[in-house]
């Protein structure tokens, strides 16, 4: 799963500039209540991780949890899909089952496909909604998606 935040144009101010899509916090809270652990994977550079974690706490009232940022400019600028797929594959190799993914970038779609996440469990929002056979979130928010898709998901059995 990935947080749906839209970065502003540079200059970038990590703790103050992101705008969460409506229902993004509730989406994550619903998964947490079901016993799932979201992964936040971003191609933003590593030096933005502290500010991004703080933003997630302050603006979405979410607990600290896994956020992975790119470790080099090559990863975040030149090989974004490769970087994302490698991080996800590393998690899978460690035994993590990734059953559903969210994204708003073509590199998200490509990375999720590379690691075998089914297209009907790859939810896209924004300009690329439904792109490449992914499951579209037609609105610019998650409220209807939570009601229609997430709340019917069985609990993970992990708490």
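Rounded to whole Å and ordered largest first, report the semi-axes of the equivalent ellipsoid of the range 67-159 derived from its Cα gyration tensor (root of 5λ).
Semi-axis lengths for the range 67-159 are 23, 18, 11 Å.
Going by C-beta contacts inside 10 Å, put 134, 66 in order with the fewest on the left.
With the sparsest Cβ surroundings first, the list reads 66, 134.
Considering only C-alpha atoms, what is the centroid distance from the range 125-159 to the range 26-59, in Å?
16 Å
Using Cβ counts within 10 Å as a stand-in for footprinting exposure, how do 123, 99 rank, fewest first?
99, 123
Please report 119, 50, 84 as a ranked list, fewest other C-beta atoms within 10 angstrom at the top and most at the bottom.
Sorted ascending by nearby Cβ count, the order is 50, 119, 84.
Once you sort the root eigenvalues of the Cα gyration tensor of the range 112-159 as a ≥ b ≥ c, which label holds: rounded (a/c under 1.5), prolate (a/b larger than b/c) or oblate (the other case)?
oblate
Bear in mind that the values in this text are calculations on the coordinates, not laboratory data. Everything numeric in this text was worked out from a predicted model, so none of it was measured. Methodologically, a virtual Cβ is constructed for each residue, glycine included, from the backbone with ideal geometry; neighbour enumeration extends over all protein chains shown.
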